[in-house]
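Step one of this worksheet: look at the structure below.
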Amino acid sequence: AVVSTQSTGTAAMSDDEDTQMEGAPEAEEEQEIVECKLTEQLCGDSLSLLCKIGNGLSLAYVKMELKGKALTDISIISAFVHVRYLDLSDNKLESLAPLSSLTHLLTLKADNNRLTSASLPAMPYLQRASFQNNKITDTEGITHPLLEVLNLNNNQITKASFDGEALRKLSILEMRGNQLTSTAGLGLPKLQRLYLGENQITELVDLDKCVALKILHLRGNGETTNPIEKLDGFSKNMIALQYLNLRGSKVASLKTEIKKLNCLPMLRGLILKDSPVAKEEEYRIEIIMNLRNLERLDKDIFTDEERQEAQELYRQREEEGKLSESNPEGAMFLD
């Protein structure tokens, strides 16, 4: 296939950024891998979307769709330098090294392969990349300057080490279903949505660097619990955070932990369902008394009656002298 007649067959990634993570595929039985090389004929058959390239005087196909071809070797793809949209999902690839010459990539999907790394040379135009359901163990080599959306769901990553300077455009990061124990290395200043459910996170650090973060998911799912007990990692620097999901956490104390969220001025939605704290008496009233700007708790809107009850409880405790130590911030409730 002649390069000037290439086409990027990459199907565009889903724009539904709020969708739940697709279920991880059942563990495959170890079996002998049958070698399957990408051929020039298959490349040609997979090309579409004819576009102008370079100075606009030439044309090339810029979309390549190679999903579900059982490929183990894509070496020949290095010749297709004009590809912008590439889908390599549902193959048996262990390396993406041949993509290093595809410097015009805008979107890349490589879900459901056998990758142990997502490392690539910095792609100057890459905006969306998805590597979910692989065997990736780290975040090294992800330094694409225009990358906006990154999906690393369902891998084996134990520690994040993103370069905030290199990923200065990254706004949506999905890392559900990995093996993270901490949020260290996730302090990306442009990040707006961060999905970390189904990990083993016990330590919340570096979040103070996430000054643009609006949505933070830290929930468990099904039998997978969220081991977070303390809410010490939140900061007044997180001026944009509006939604926090801690469903299934181990947060157990209303008095000592919930008030730590007072530093989040824009917090409007909080999920604590299936956490020990949700079983405490007057759970909703205690929450709104501490977080007066909150609008929803476990997806239910606070009613005027609940707010009135919280105000009356506050006054009662004030009269009994129980606020000075247990809730010094409580005075804000009556402002």
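The values are calculated or read from the model by the stated rules, or taken from the named source; none is laboratory data. A quick note: this is a predicted structure, and the numbers were derived from the prediction, not measured. We place every Cβ from the backbone using ideal geometry, glycine too, and count neighbours over all the protein chains shown. Surface areas here come from the heavy atoms of the whole protein model, side chains and all, with no ligands, DNA or RNA. Shrake-Rupley method; radii C 1.70, N 1.55, O 1.52, S 1.80 Å.
General observations
- Ala122-Glu280 pseudo-label distance in nm [points 7 Å out on the Cα-to-Cβ vector]: 4.7 nm
- Peptides ranked, highest mean first, by Cβ atoms within 10 Å: ranges 257-268, 102-113: 102-113, 257-268
- Summed residue charge, Cβ within 11 Å of Glu140's Cβ, Lys/Arg positive, Asp/Glu negative: -1
- Computed FRET value (nearest 0.05) for Asn55 with Lys214, which takes r as the C-beta separation and R₀ as 51 Å: 0.80
- The mean accessible area for residues of the range 47-118, using a 1.4 Å probe and ignoring ligands and nucleic acids, is 41 Å² per residue.
- FRET efficiency for the Ser48 to Gln311 pair, using the beta carbon distance and R₀ = 51 Å, is estimated at 0.25.
- Residues in the range 173-215 reached by a label modelled at Thr158 [backbone nitrogen below 17 Å; 7 Å Cα→Cβ]: 177-185, 199-203
- Heavy-atom accessible surface of the range 26-178: percent carbon and sulfur, 1.4 Å: 47 percent
- Residue pairs exceeding 21 angstrom between C-alpha atoms, taken from Lys169/Lys259; Lys250/Lys279; Lys214/Lys259; Lys214/Lys260; Lys69/Lys109; Lys230/Lys273: Lys169/Lys259.
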